[in-house]
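Each remark here refers to the structure printed beneath this line.
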Amino acid sequence: MKRMQKNDFDYSLNFERIDFRKNPELYRVGKGEQGVLLVEPYKSEILPHWRFKTPEIAAESSEKIYEMFLEYLKEDDFVGADMARKFLQMGYTRARRYANHKSGKKYKGAVPEDKKGQSGAHGRKELPLDPDTIKAKSAEIFKEKWQQAKTNQAYVQQKDKFIATYSS
């Protein structure tokens, strides 16, 4: 079993009971999109705006989430900013998956019960590509905003400060 590192996302927390705005010390950045659909109140604030069905919808969605990202930074709320960054990243990865596989499913077969919630194929066969150019455009729109967010100087500074403060 892999030992948890100090910056790993902690899935053992009781996410239904934690307000991460009031308890930022419990938040861990983790890797990529970890925890994007768990961390409240941010999930409930951002998720209603997350859409990528068409490039027009993706542009409106990514712009709104990026505005929220900037507002969280302005409020010195790193957890909110990081969650907005994760939603932008997830907009890219999910739209990209649908761009490659119109069904949204990358693998053939069900995920075994003991592997649910984990990434990777787990012995399943990857489905052939079935390109969707509309979703590919949506993915690129989200990718641009995600890149802007993750390289934003205020974000980088707040992330470094957050990690130094809470991950020691």
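No value in this document is a laboratory result; all are computed from the given coordinates. Remember, it's a predicted structure, so these values are computed and weren't measured experimentally. Cβ sites come from the backbone with ideal geometry, for glycine too, and all protein chains shown count toward neighbours.
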Return a yes/no flag: does region 52-65 have any residue that is in contact (Cβ under 8 Å) with a residue 12 or more places away in the chain, touching a Leu at 6+ places or on another chain (Cβ under 7 Å) and polar (S, T, N, Q). yes
I need a count of the residues in region 62-85 that are within 16 Å of residue 139 (Cβ to Cβ) and surrounded by fewer than 24 Cβ atoms within 10 Å (Cβ to Cβ). 2
Just name the residue that is surrounded by the most Cβ atoms within 10 Å (Cβ to Cβ) out of those in region 38-61 that are aliphatic (A, V, I, L, M), touching a helix residue (DSSP H, G or I) at 6+ places or on another chain (Cβ under 6 Å) and closer than 16 Å to residue 82 by Cβ. 39
One residue is enough: does region 18-26 have a residue meeting the conditions surrounded by fewer than 17 Cβ atoms within 10 Å (Cβ to Cβ), within 15 Å of residue 155 (Cα to Cα), over 15 Å from the mean Cα position of the chain (by Cα) and touching a residue at least 24 places away in the same chain (Cβ under 8 Å)? no
